[in-house]
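Everything below concerns the one structure shown next.
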Amino acid sequence: MPDISLLLVDDHPVVRNGLRGMFESAPGFTVLGEASNGVEAVELAADLNPDVVLMDLRMPGGGGLDAITELTRRGIRSKVLVLTTWDTDTDTLPAIEAGATGYLLKDAPQDDLFNAVRQAAEGRTVLSPAVASRLVTAVRTPAPSPLAARERQVLELVAKGTPNRDIARELFISEATVKTHLSHVFTKLGVTDRAAAVAKGYEQGILGRD
């Protein structure tokens with residue numbers, strides 16, 4: 001089988017040199033080029049057409065997330081395998097959503113990195129255990145409600161068919177305040193009437209929670 005071709009993207013020359021030496025000393029890999037930021041990475045990926053782009057995320061002059069987004073937008077066939085020191089939710093989730101095939105941390109063992117590149121080249125998703133755990137947690141944890149506590153109370157009563165006058169009486173507020181809360185609910189949920197607000201409330205998990 002032909003070698004898996006690679007583009008290495010990292011703002012630290014020492015890291016790029018280390019990765020190049022690692023892959024060039026192993027059978028089955030060919031390093032086509034290197035980039036020091038996301039902007040260079042997009043142009044080189046378009047020119048070199050590598051099987052896999054090993055992409056760092058936080059780089060001066062153009063970050064990896066923007067590069068992944070642009071590679072996806074252009075329809076470039078290269079698979080992106082993120083290789084970074086960052087594993088926070090603000091890094092992992094956007095990278096995967098933008099189109100990254102995999103996400104590894106730089107402390108991954110060499111054999112794990114080789115296997116991850118092979119899997120990425122085949123289009124298979126590769127995640128470090130820490131990142132996989134974060135993604136599972138994110139999926140299982142409902143998104144926080146965009147509504148304030150009082151706004152949610154008003155919406156819950158609206159869902160029960162309670163008129164504004166009775167909502168005001170139950171919550172010990174004025175009817176005008178109920179209308180104000182409803183106005184805020186409509187704006188936050190992007191709707192224009194009570195029925196749509198209730199439907200959106202169930203859709204987003206705001207209603208029906210324990």
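Packing, taken as the mean count of other beta carbons within 10 Å per residue, orders the peptides 36-47, 15-26, 196-207 from highest to lowest as 36-47, 196-207, 15-26. Relative to a virtual label point 7 Å from the Cα of GLU203 in the Cα→beta-carbon direction, which members of region 161-183 show backbone nitrogen distances below 20 Å? Only 161, 182-183 pass the distance filter. Here region 1-143 is treated with +1 on each Lys and Arg Cβ and -1 on each Asp and Glu Cβ, and its dipole about the Cα centre works out to around 360 debye.
Measuring between their Cα centroids, region 21-86 and region 174-199 lie 46 Å from each other. Straight-distance candidates among the aspartates and glutamates for linking to LYS79, with alpha-carbon spacing under 12 Å and chain neighbours fewer than 8 residues away dropped: ASP51, GLU122.
A 1.4 Å probe, protein heavy atoms only, puts the accessible area of THR192 near 120 Å².
Size descriptor for region 149-204, Kirkwood hydrodynamic radius: 10.9 Å (Cα pairs only, one decimal).
Looking at the chain, the accessible area is 53 square angstrom per residue; that uses a 1.4 Å probe and ignores ligands, DNA and RNA. Cut-off under 19 Å on the C-alpha distance; same-chain residues fewer than 8 positions from LYS200 excluded. Which lysines are left, in chain and number order? Qualifying lysines at Cα under 19 Å: LYS160, LYS179, LYS188. In this structure the amide hydrogen of THR30, modeled in the peptide plane, comes within under 5 Å of the amide hydrogens of ILE4, SER5, LEU6, none closer than 5 places in sequence on its chain.
The value given for the chain is a Kirkwood hydrodynamic radius of 19.9 Å, derived from the mean inverse Cα-Cα separation. Solvent-free Debye calculation, one equal scatterer per alpha-carbon of region 23-67: log10 I(q)/I(0) at 0.31 Å⁻¹ equals -1.11. Which net charge results when you count Lys and Arg as +1 and Asp and Glu as -1 among the other residues whose beta-carbon is under 11 Å from that of LEU19? It works out to a net charge of -1. Put simply, the amide H of ARG58, placed in the peptide plane, has neighbours under 5 Å in GLY64, leaving out anything fewer than 5 places away on its chain. Simple spin-label estimate for GLU122 and LEU48 gives 2.4 nm between the two label positions (7 Å along the Cα-to-Cβ direction from each Cα).
The values are calculated or read from the model by the stated rules, or taken from the named source; none is laboratory data. Everything numeric in this text was worked out from a predicted model, so none of it was measured. Counting neighbours? That spans all protein chains shown, and the Cβs are built from the backbone with ideal geometry, glycine included. For accessibility, only protein heavy atoms count, side chains too; no ligands or nucleic acids. Shrake-Rupley method; radii C 1.70, N 1.55, O 1.52, S 1.80 Å.
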